[in-house]
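Chemist: Just passing along the structure, written as structure tokens.
The values are calculated or read from the model by the stated rules, or taken from the named source; none is laboratory data. Bear in mind the structure is a predicted one, so any value in this text is a computation, not a measurement. In this analysis, Cβ positions are derived from the backbone assuming ideal geometry, glycine residues included, and neighbour counts consider all displayed protein chains. These area figures cover heavy atoms from the full protein model, side chains too; ligands, DNA and RNA do not enter into them. Shrake-Rupley method; radii C 1.70, N 1.55, O 1.52, S 1.80 Å.
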Amino acid sequence: MGNQVEKLTHLSYKEVPTADPTGVDRDDGPRIGVSYIFSNDDEDVEPQPPPQLPDGSCLSEGGDGQPPPPPQPYDPRLHEVECSVFYRDECIYQKSFAPGSAALSTYTPENLLNKCKPGDLVEFVSQAQYPHWAVYVGNFQVVHLHRLEVSNSFLTDASQGRRGRVVNELYRYKPLSPSAVVRNALAHVGAKERELSWRNSESFAAWCRYGKREFKIGGELRIGKQPYRLQIQLSAQRSHTLEFQSLEDLIIEKRRNDQIGRAAVLQELATHLHPAEPDEGDCDVARTTPPPGRPPALAPEAVEH
């Protein structure tokens, strides 16, 4: 479909609206710096079937024809990346594995229904998959961006068998009223492809709850110093920080980390990045450069595939 970039229509950044307090964008005209980049949705990648033997039986990864071992229970602390997001000096998102934190506990879809209220943000998670976000709208149903279309589905269907949780507390923005969140979600049911203003399910669901244009494609200008920081916790005393020009770009990188998993992220940083040794007495925060062949994390053209 190609890319189409609309013209700038504001003279200064102060004139750019960044949030609608009512939760509804009323301007139907061109948006600032919108870049229409369409590709397969990050959650559309279907799992590939295992290779088959000539008799039609499945071949296990080990190649000995034995059935694969049963899947291990999903443990967020093993598969997910502990991180924080900052806009300048303000923390706007935090996923923490601190002792006593129950926010990351996951439930079967059937049990999750008992914990959901209209307007809640729901996240479905599974190993080696992008997390899938949805807005619970009541009557056992959610609205979510899936396969380049905003759909209204039963929560159990949207989960596709994955475990889930309510994630209202991850982002620290002030939420809209539950009725406004539901209204935002339902108003976009049926929108698809060029009608969409979000690159992934997380951005859509978060916009419905908080009404901030930063979650939309091209919702803010990428000019000057990178104001967003993604701080990845490597250990109790050490972290790694990436800088971004927009929240949209940061979310794409954060979701990529969730998809490849904690072990792969740590291995990638250890193998390809070269953290600078902190000065004596300095905090253990490493800012590194991307490895050769990978675009900088702050590149505005970055999209999920």
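Chemist: Which of the residues that make up the stretch 204-244 are under 15 Å from residue 92 (Cβ atoms) and part of a loop (DSSP other than H, G, I, E, B)?
Modeler: Once the filter is applied, which keeps residues that are under 15 Å from residue 92 (Cβ atoms) and part of a loop (DSSP other than H, G, I, E, B), the stretch 204-244 yields 211, 219, 220, 226, 227.
Chemist: Scanning for something at pLDDT below 95, closer than 30 Å to residue 151 by Cα and open to solvent by 10 Å² or more (accessible area, probe 1.4 Å), does the stretch 229-244 turn up at least one residue?
Modeler: Scanning the stretch 229-244 turns up no residue that is at pLDDT below 95, closer than 30 Å to residue 151 by Cα and open to solvent by 10 Å² or more (accessible area, probe 1.4 Å).
Chemist: From the set of residues in the stretch 91-100 that are out of contact with any Lys or Arg (no Cβ under 8 Å at 6 or more places or on another chain) and surrounded by fewer than 18 Cβ atoms within 10 Å (Cβ to Cβ), which is nearest to residue 245 (Cα to Cα)?
Modeler: If we take residues in the stretch 91-100 being out of contact with any Lys or Arg (no Cβ under 8 Å at 6 or more places or on another chain) and surrounded by fewer than 18 Cβ atoms within 10 Å (Cβ to Cβ), then 96 is nearest to residue 245 (Cα to Cα).
Chemist: Which of the following residues is under 23 Å from residue 204 (Cα atoms) and surrounded by fewer than 18 Cβ atoms within 10 Å (Cβ to Cβ): 223, 260?
Modeler: Checking each option against the conditions leaves just 260.
This table checks each residue for (1) in contact with a Pro (Cβ under 8 Å, 6 or more places away or on another chain); (2) closer than 19 Å to residue 80 by Cα; (3) not charged (D, E, K, R).
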position	(1), (2), (3)
107	no, yes, yes
128	no, yes, yes
132	no, yes, yes
143	no, no, yes
149	no, no, no
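Chemist: Then there is this: Which residue is surrounded by the most Cβ atoms within 10 Å (Cβ to Cβ), if the candidates are limited to the stretch 164-195 and must be closer than 16 Å to residue 146 by Cβ and in contact with an Asp or Glu (Cβ under 8 Å, 6 or more places away or on another chain)?
Modeler: Filtering first and then ranking leaves 164.
Chemist: Moving on to the next point. Within the stretch 158-174, how many residues turn out to be more than 21 Å from residue 113 (Cα to Cα) and in a loop (DSSP other than H, G, I, E, B)?
Modeler: Residues flagged as more than 21 Å from residue 113 (Cα to Cα) and in a loop (DSSP other than H, G, I, E, B) within the stretch 158-174 amount to 3.
Chemist: Before we move on, is residue 202 charged (D, E, K, R), within 17 Å of the chain's Cα centre (by Cα) and at negative phi?
Modeler: So residue 202 passes the test.
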